[in-house]
Amino acid sequence: SPHYGERWGRHWLDIARYADSNGLDENVAYGNAWRYRDYVVNSFNQDKPYDEFVVEQLAGDLLEPTDDIDLRNERMTATGFLVLGPKFLAEKDEAKMEMDIIDEQIDTIGRGMMGLTLGCARCHTHKFDPISHHDYYGLAGIFKSTRTMDNYRTIAKWHENSVGTSEQLATWHDYEANIAAIEQRIEDSRLAAAAELEIAPNLLSKEDEKQFPDETKTLLTKLRAERKALEAKPPEVPKAMGVVDGEIGDTSVHLRGSHLTLGDSVPRRFPRVLTDDQQPSIPEGHSGRLEFANWLTSGTHPLTARVMVNRIWHGHFGKGIVKTVDNFGLRGDRPRHPELLDWLAVRFVEENWSIKQMHRMIMLSDAYQTSSNFDSNNARIDPDNEFYWRFDLRRLEAEAIRDGLLALAGKLDPEVGGNLMEYDDREYVFNHTSEDKSTYDTMRRSIYVPVIRNHLYDMFQLFDYADASVLTGDRSTSTIASQALFMMNSPFVEELSLSMAERLIRANPNVDDRVDQLYLEAYGRPASKEERVKAVRFAAQYREVLDQGSDPTNSDRRAWQALCHSVVSSNEFFYLR
């Protein structure tokens with residue numbers, strides 16, 4: 001099913017801190033972020049090996065060139081993983097902004113792929129884990145040698161890669177070449193005129209151009225007008241947020257994390273505790289991203305496979321073998337079953353890093369297929385269910401609640417992929433001075449609902465959606481009165497419950513059959529005899545009250561709407577058991 005990728009891809013988007021806007025100071029639209037989201041969905045559907053999935057996101061632009069333009073574009077899109085985080089785009093200190101972005105990348109990769117809080121070592125050697133100050137800046141040099149931003153001037157501009165067809169890319173390269181040719185002619189003309197006036201090239205200013213011959217002034221005016229006209233009408237080529245290699249170089253230790261106080265320079269390298277003295281070499285002139293990605297996915301790395309299988313386990317059971325799924329360090333939880341974690345990690349690599357094979361193995365296990373029934377004796381011995389004697393009760397996520405309601409109402413649009421954003425790329429989104437064009441009235445699955453940082457869809461916020469500003473491997477789950485009030489009073493739920501009732505009435509003239517269908521679709525089980533009797537009685541009594549009221553129209557439909565509304569507002573709809 002293509003919806004597998006939507007369901008499990010959503011888990012990875014929490015790790016990738018996916019959003020459709022920047023948030024923070026300048027909340028501008030990430031108008032092309034959706035291409036990364038679709039890349040993730042497609043990768044899960046294709047069962048792309050996890051090692052390949054990681055390498056593409058960290059260094060897809062550095063892989064061997066290919067004649068397959070679709071594969072090339074897919075790899076370039078994958079590197080959006082490194083760009084998606086929030087950024088202070090109006091930060092006046094450009095060096096600080098650059099290091100803040102690098103820090104966010106290192107923190108996300110560390111916790112997301114390695115289960116380590118590497119970001120703690122920005123200011124000092126890690127207080128708990130064996131990650132040194134120099135380890136951090138060895139990694140920082142790799143990402144400082146990576147071009148994430150086109151510029152850091154206010155408002156700073158993140159990098160995007162062209163991901164069009166061969167024809168579109170050829171047109172774009174011709175366009176860039178024409179721009180470059182005009183700029184070169186402008187520069188050559190300026191330097192030639194400056195030489196005649198004996199003005200040194202490094203001292204040449206716009207003011208000096210007033211001394212140029214009229215012929216040169218005319219030519220410069222013409223060339224600049226041509227450049228402006230070209231820049232105003234660039235060819236339309238699809239773009240995706242992503243990175244490429246930038247200026248290659250090492251980074252100095254920033255004492256106390258400040259870019260204003262530099263220590264010794266650290267060669268680009270990986271954390272020593274994970275490599276001993278056998279550091280993979282980074283060739284001269286390479287950022288080291290590809291080498292870093294290959295090191296992470298070598299199959300012998302002590303953390304990469306363990307962290308991912310623990311995330312898959314968490315996705316099925318609601319808790320990981322290591323409960324702190326983002327932190328395998330000293331301050332994280334110890335694995336409850338370390339031998340099981342090791343065995344799963346080894347099998348994961350042996351099965352070609354196949355996530356679907358890992359799903360199959362877990363779901364065919366006795367642990368997964370255990371009943372959720374309570375046993376007082378087991379509860380006394382193992383109150384935290386560490387040995388999986390029962391299946392833990394857990395609530396559906398915000399997206400599953402919304403999608404479930406739409407599916408019951410027969411309204412869910414199954415289309416896969418695409419963009420629902422109302423904003424253009426880099427356009428300012430809702431804030432205190434701009435228009436709010438955010439809309440959430442779509443019938444598409446929740447994974448396609450735009451995620452606007454600082455202006456999250458109300459229903460998502462109410463039901464504990466991930467904080468898109470940071471990596472979230474384990475969402476919190478709250479139980480508050482406003483959730484029940486939303487289900488009871490929301491026009492959205494009321495409208496969908498009416499659609500549910502209309503579906504049931506159309507499909508089943510027999511009232512008992514209606515109740516059976518409702519329970520089967522809402523709860524995944526048939527109604528008991530007692531439930532069926534109560535439901536039919538409720539609908540009949542409700543209809544009688546409506547018939548006696550001031551507005552008896554459509555009383556049957558409204559009565560069944562009330563029944564549907566009560567069924568989907570119950571705990572059994574919200575919880576997996």
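Sort 436-442, 22-28 by packing, meaning the average of other beta carbons within 10 Å per residue, with the highest value first.
Numbers: 436-442: 12.9, 22-28: 20.4.
Listed from highest to lowest mean packing, they are 22-28, 436-442.
Measuring with a 1.4 Å probe in the full set of protein chains, what accessible area per residue, in whole Å², belongs to the range 1-144?
Accessible area per residue: 30 Å².
Met363 accessible area, nearest 10 Å², 1.4 Å probe?
80 Å²
Net charge near Pro271: determine it from the other residues with C-beta under 10 Å of the C-beta of Pro271, scoring Lys and Arg +1 and Asp and Glu -1.
0
Determine the dipole magnitude for the chain: charges of +1 sit on the beta-carbon of Lys and Arg, -1 on that of Asp and Glu, nothing else is charged, the reference point is the Cα centre, and the result goes in debye to the nearest 20.
1740 debye
Evaluate the Kirkwood expression for the hydrodynamic radius of the range 528-573, namely the inverse of the mean inverse distance over all pairs of different C-alpha atoms, and round to one decimal in Å. Before the final figure, lay out the partial values.
On the way: mean 1/r = 0.0900 Å⁻¹.
The Cα-based Kirkwood calculation yields 11.1 Å.
Once the cut-off is 15 Å, how many percent of the Cα-Cα pairs in the range 2-78 end up in the long-distance tail? Walk me through the numbers on the way to the answer.
Values: 1724 of 2926 pairs.
Counting pairs separated by more than 15 Å, the tail of P(r) holds 59 percent.
In whole angstrom, how far apart do the alpha carbon centroids of the range 516-545 and the range 50-112 sit?
Result: 52 Å between the Cα centres.
Assuming a ≥ b ≥ c are the square roots of the Cα gyration tensor eigenvalues, decide whether the range 511-554 counts as rounded (a/c under 1.5), prolate (otherwise, with a/b larger than b/c) or oblate.
Because a/c hits 1.5 or more and a/b exceeds b/c, the range 511-554 counts as prolate.
Could you tell me which of the pairs Lys144/Lys210; Lys157/Lys210; Lys411/Lys529 are separated by over 31 angstrom between their Cα atoms in the structure shown?
Lys144/Lys210; Lys157/Lys210, as the Cα separations exceed 31 Å there.
Which values of log₁₀ I(q)/I(0), to two decimal places, follow from the Debye formula for the range 474-577 at q = 0.10 Å⁻¹ with a uniform point scatterer at every Cα?
For the requested q values the scattering log ratios are -0.30.
Largest first and in whole Å, what are the equivalent-ellipsoid semi-axes of the range 65-147 based on the Cα gyration tensor, each being the root of 5 times an eigenvalue?
With the √(5λ) rule applied to the range 65-147, the semi-axes are 27, 17, 11 Å.
When ligands, DNA and RNA are left out and all protein chains stay put, how many square angstrom of accessible area per residue does the range 218-365 have with a 1.4 Å probe?
51 Å²
Name the long-range amide H neighbours of Ser21: under 5 Å, sequence gap of 5 or more, or other chain; modelled H, no Pro or chain starts.
So Ser21 has HN proximity to Tyr30, Arg453.
Could you list, bin by bin from short to long, the percent of Cα-Cα pairs of the chain in 20 Å steps?
Per 20 Å bin, starting at 0, the Cα pair percentages come out as 17, 44, 28, 9, 2, 0.
Two decimals is fine: what is log10 I(q)/I(0) at q = 0.09, 0.16, 0.17, 0.19 Å⁻¹ for the range 80-233, from a Debye sum with one equal scatterer on every Cα and no solvent?
-0.53, -0.97, -1.02, -1.11
By how many degrees, between 0 and 90 and to the nearest 10, does the Cα long axis of helix 338-350 differ from the longest principal axis of the chain?
60 degrees
On a 0 to 90° scale, report how tilted helix 133-144 is relative to the longest principal axis of the chain, with both axes built from alpha carbons and the result rounded to the nearest 10.
So the helix axis and the longest Cα principal axis differ by about 80 degrees.
In whole percent, and with a 1.4 Å probe on the protein chains, what portion of the accessible area of the chain is carbon and sulfur?
Reported share for carbon and sulfur atoms: 50 percent.
Between Asp174 and Arg256, what length in nm is gained on full extension when 0.36 nm per residue of separation is reduced by their alpha carbon distance?
In short, 24.8 nm is gained.
Charges at C-beta only: +1 for Lys and Arg, -1 for Asp and Glu. How large is the resulting dipole of the range 71-197 about its Cα centre, in Debye rounded to 20?
It comes to approximately 380 debye.
According to the square roots a ≥ b ≥ c of the eigenvalues of the Cα gyration tensor, what is the shape class of the range 397-475, taking rounded for a/c under 1.5, prolate for a/b larger than b/c otherwise, and oblate for the remainder?
oblate
Under the classification rounded if a/c is under 1.5, otherwise prolate if a/b is larger than b/c and oblate if not, where does the range 346-424 fall, given a ≥ b ≥ c as square roots of the Cα gyration tensor eigenvalues?
oblate
Quick check: the angle from helix 511-523's long axis to the longest principal axis of the chain, C-alpha only, nearest 10 degrees?
That works out to roughly 40 degrees.
Can you give the relative contact order of the chain as a percent, counting alpha carbon pairs under 8 Å and 6+ residues apart?
So the answer I get is 18 percent.
Could you check the spin-label model distance between Asp424 and Thr221? Points 7 Å from the Cα along Cα→Cβ, value in nm.
About 3.0 nm, to one decimal.
Taking every pair of distinct Cα atoms and averaging 1/r, then inverting, what Kirkwood hydrodynamic radius in Å comes out for the range 260-389? Working shown, then result.
Numbers: mean 1/r = 0.0573 Å⁻¹.
Kirkwood radius, the range 260-389: 17.4 Å.
Translational diffusion coefficient of the range 189-283 at 20 °C, 1.002 mPa s, Stokes-Einstein with Kirkwood Rh over Cα pairs, in µm²/s as a whole number.
Translational diffusion coefficient: 110 µm²/s.
Could you give the length gained by full extension between Asn510 and Glu544, i.e. 0.36 nm per residue of separation minus their alpha carbon distance, to one decimal place?
Result for the pair: 10.4 nm of gain on full extension.
Compare the Cα positions of Leu485, Thr165, Thr146 along the charge dipole of the chain (+1 at Cβ of Lys, Arg; -1 at Cβ of Asp, Glu; about the Cα centre) and return the one farthest towards the positive end.
Value: Leu485.
Can you give me the C-alpha center-to-center distance between the range 212-259 and the range 324-350, rounded to a whole angstrom?
One Cα centre to the other: 46 Å.
The values are calculated or read from the model by the stated rules, or taken from the named source; none is laboratory data. The model shown is predicted, which means the values in this text are computed figures rather than measured ones. Positions of Cβ are generated from backbone atoms using ideal geometry, with glycine treated the same way; all protein chains shown enter the neighbour counts. Calculation scope for accessible area: heavy atoms of the full protein, side chains included, ligands and nucleic acids excluded. Shrake-Rupley method; radii C 1.70, N 1.55, O 1.52, S 1.80 Å.
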